[in-house]
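Below: the structure, in structure tokens.
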Amino acid sequence: MIGIAVLFQADGLLAQAYPSYACSPQQFTIIRNPARVSGSPRTTFGGIGTNFFFFNTLGSFERMDTDAARRQMVEQQIRTWDVDAAPLLSLLNALPRHRFVPRGYEALAYADMEIPLGHGEIMMRPAVEGRILQALEIEAQDRILEIGTGSGYLTACLARLGAEVVSVDLQADFTDSAKSLLDELAIANVSLQTRDAVREGLPAGEFDVVVITGSLPRFDKRLLASLTPGGRLFVVTGEAPIMDARIVVRGDGAHWTQSSLFETCLPRLRHVDEPSSFVF
């Protein structure tokens with residue numbers, strides 16, 4: 001069956017077709033007159049934690065199975081991109097990603113696409129998030145720093161894998177929303193801070209894992225000071241449209257190694273292009 005998941009935009013009703021609820025966004029259509037579609041389009045989505053509906057080709061409603069969507073995301077997007085760590089796959093199969101997307105984008109939560117969050121920021125594709133989490137080799141005792149809370153979904157994943165997460169974001173609405181969602185999911189090992197990590201400096205202390213969810217023009221070696229010996233840093237560097245996602249591992253003293261993971265393109269970390277860059 002072909003279904004049409006419904007989203008609202010200012011210029012009309014944005015419809016997205018899914019074959020038998022395969023999250024494969026390929027074609028977008030603007031329905032200029034939603035009243036001509038049977039049912040009640042403006043009650044298409046329920047609130048957080050509910051099931052969602054989508055139109056089939058006849059215009060009637062069908063119930064969307066978010067558990068099945070999540071399984072399909074893992075099997076068809078994440079596993080096929082060389083993510084095979086069993087504990088991580090179990091986590092991604094269980095965590096309700098649709099609760100972290102902006103209102104109106106719930107039906108695209110498990111699609112192979114970036115989702116706009118506002119403030120020029122995005123929620124990364126599921127497969128990218130999976131690759132990041134696997135490459136960091138997070139252990140249960142790890143202390144983790146995340147620069148760029150965003151939707152809070154990656155924050156939740158980090159918290160479920162490690163012992164403690166400190167997550168920093170410039171936007172108060174991001175950290176406020178993430179706090180509410182993490183509280184609802186009983187994820188209590190996250191400290192959220194609303195601050196400018198570039199201008200005001202990084203949180204004090206050393207971390208076993210550091211994740212930077214915005215891109216940098218180039219790698220700043222001073223970031224190694226935030227890592228414990230053996231600590232791992234995920235960072236994206238370069239210029240649009242092709243940037244390099246890499247893992248940097250701190251060795252003893254001033255020694256460090258790095259390995260390239262994949263090519264991508266992420267919005268620039270705010271204020272990082274200023275001459276002073278990070279404050280230490």
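Answer yes if at least one residue in the stretch 248-258 is touching a residue at least 40 places away in the same chain (Cβ under 8 Å) and closer than 24 Å to Ala159 by Cβ, and no otherwise.
No, the conditions are met nowhere in the stretch 248-258.
Under 6 Å between Cβ atoms, at least 6 apart or on separate chains: pull out the pairs that start in the stretch 66-78 with a residue that is on the phi < 0 side of the Ramachandran plot and end on any residue that is charged (D, E, K, R).
From the stretch 66-78, the pairs are Gln77/Asp112.
Listed here are the residues, each with its yes/no results for (1) open to solvent by less than 60 Å² (accessible area, probe 1.4 Å); (2) in a strand (DSSP E or B); (3) among the hydrophobic types (A, V, I, L, M, F, W, C).
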{"position": "Ala204", "(1), (2), (3)": "no, no, yes"}
{"position": "Leu223", "(1), (2), (3)": "yes, no, yes"}
{"position": "Met243", "(1), (2), (3)": "yes, yes, yes"}
{"position": "Ala254", "(1), (2), (3)": "no, no, yes"}
{"position": "Glu263", "(1), (2), (3)": "no, yes, no"}
{"position": "Asp273", "(1), (2), (3)": "no, no, no"}
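Give me the residue from the stretch 68-99 that is outside any helix (DSSP H, G or I) and open to solvent by 10 Å² or more (accessible area, probe 1.4 Å) and, out of that set, farthest from Leu133 (Cα to Cα).
Applying the filter and picking the extreme gives Pro96.
Answer yes or no as to whether Ala186 is surrounded by fewer than 22 Cβ atoms within 10 Å (Cβ to Cβ), on the phi > 0 side of the Ramachandran plot and assigned to a loop (DSSP other than H, G, I, E, B).
yes
If a residue must be surrounded by fewer than 20 Cβ atoms within 10 Å (Cβ to Cβ) and outside any loop (DSSP other than H, G, I, E, B), how many such residues does the stretch 167-176 contain?
Counting residues in the stretch 167-176 that are surrounded by fewer than 20 Cβ atoms within 10 Å (Cβ to Cβ) and outside any loop (DSSP other than H, G, I, E, B) gives 3.
Identify, by number, the condition in (1) open to solvent by 50 Å² or more (accessible area, probe 1.4 Å); (2) among the small types (Gly, Ala, Ser); (3) part of a strand (DSSP E or B) that Gly231 doesn't meet.
In the conditions (1) open to solvent by 50 Å² or more (accessible area, probe 1.4 Å); (2) among the small types (Gly, Ala, Ser); (3) part of a strand (DSSP E or B), Gly231 misses (1) alone.
Touching a residue at least 12 places away in the same chain (Cβ under 8 Å), among the small types (Gly, Ala, Ser) and either assigned to a helix (DSSP H, G or I) or crowded, with 23+ Cβ neighbours inside 10 Å (or both), is that true of Gly130?
Yes.
Go through the stretch 133-149 and give me each residue that's part of a loop (DSSP other than H, G, I, E, B) and either under 23 Å from Ser260 (Cβ atoms) or of a type in the set (Asp, Glu) (or both).
Leu136, Glu137, Ile138, Glu139, Asp142, Gly148
Please enumerate the residues belonging to the stretch 98-132 that are over 24 Å from Glu263 (Cβ atoms) and among the hydroxyl-bearing types (Ser, Thr, Tyr).
The one that is over 24 Å from Glu263 (Cβ atoms) and among the hydroxyl-bearing types (Ser, Thr, Tyr): Tyr105.
Specify which of the listed residues (Asp183, Asp220) is in contact (Cβ under 8 Å) with a residue 40 or more places away in the chain and more than 23 Å from Glu114 (Cβ to Cβ).
Just a single option satisfies the conditions, and that option is Asp220.
The values are calculated or read from the model by the stated rules, or taken from the named source; none is laboratory data. All values reported here derive from a predicted model rather than from experimental measurement. Neighbour counts are summed over all protein chains in view; Cβ atoms, including those assigned to glycine, are modelled from backbone coordinates with ideal geometry. For accessibility, only protein heavy atoms count, side chains too; no ligands or nucleic acids. Shrake-Rupley method; radii C 1.70, N 1.55, O 1.52, S 1.80 Å.
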